[in-house]
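Notes follow once the structure below has been shown.
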């Protein structure tokens with residue numbers, strides 16, 4: 001008779017599950033202008049769309065993208081969403097934020113708003129729209145408590161999908177200069193052998209990493225173009 005150690009089997013299974021929890025990500029970029037001008041001291045604001053109950057881009061993702069841009073671009077100062085919205089209340093609240101560059105121009109026709117924009121040297125608006133949702137799930141788990149103790153047994157899995165699109169506006173010309181879209185799909189697992197242990201796919205974090213890196217590349221290409229032009 002062959003004896004199998006339950007803790008050893010459980011440990012091997014947990015390691016296998018941990019290795020399997022992963023995310024697949026696709027990032028697309030569209031440049032609507034070949035040269036995106038950047039000047040030393042320019043500022044950029046990163047904002048999320050929150051105009052309806054269905055459209056609520058997570059503030060954590062907005063902050064993550066802003067941090068990624070701040071670390072990756074040395075010419076541009078990044079202004080966070082809370083700071084910007086508070087400074088320009090009520091023009092950029094959820095229900096009043098402009099949805100098109102032409103509408104933004106109308107907002108900036110207000111002398112006080114225009115003066116603040118100029119004082120903060122804001123050149124670009126980066127709008128992020130989308131969300132992370134649970135799209136599928138399977139498995140089962142049961143938990144019980146008895147005189148000798150309790151525990152949970154079973155196995156469950158679920159899939160999360162992050163779908164975001166970023167639109168970049170240049171307020172010098174009130175035009176859209178580019179878009180970056182990201183879709184990340186990840187599968188998470190939760191095996192339970194007395195204690196449930198979740199292995200989570202970091203879907204939103206991976207979406208931020210992919211989108212943030214692409215945005216940094218979007219603006220860095222301008223520097224490369226300028227260097228090539230000077231060299232020629």
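Please treat every number below as a calculation from the coordinates, not as lab data. Note that this is a predicted model, so its numbers are computed, not measured. Note that each Cβ is placed from the backbone with ideal geometry, even for glycine, and that neighbours are counted across all protein chains shown.
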(request) Go ahead and run the numbers for FRET between residue 135 and residue 172, Cβ-Cβ distance against an R0 of 35 Å, rounding to 0.05. (result) 0.30
(message) Once R0 is set to 41 Å, what does the formula 1/(1 + (r/R0)^6) return for the Cβ-Cβ distance between residue 51 and residue 153, expressed as a FRET efficiency to the nearest 0.05?
(response) 0.35
(request) Can you tell me how much longer the chain between residue 116 and residue 93 gets when fully stretched, taken as 0.36 nm per residue apart minus their C-alpha distance, in nm with one decimal? (result) 6.6 nm
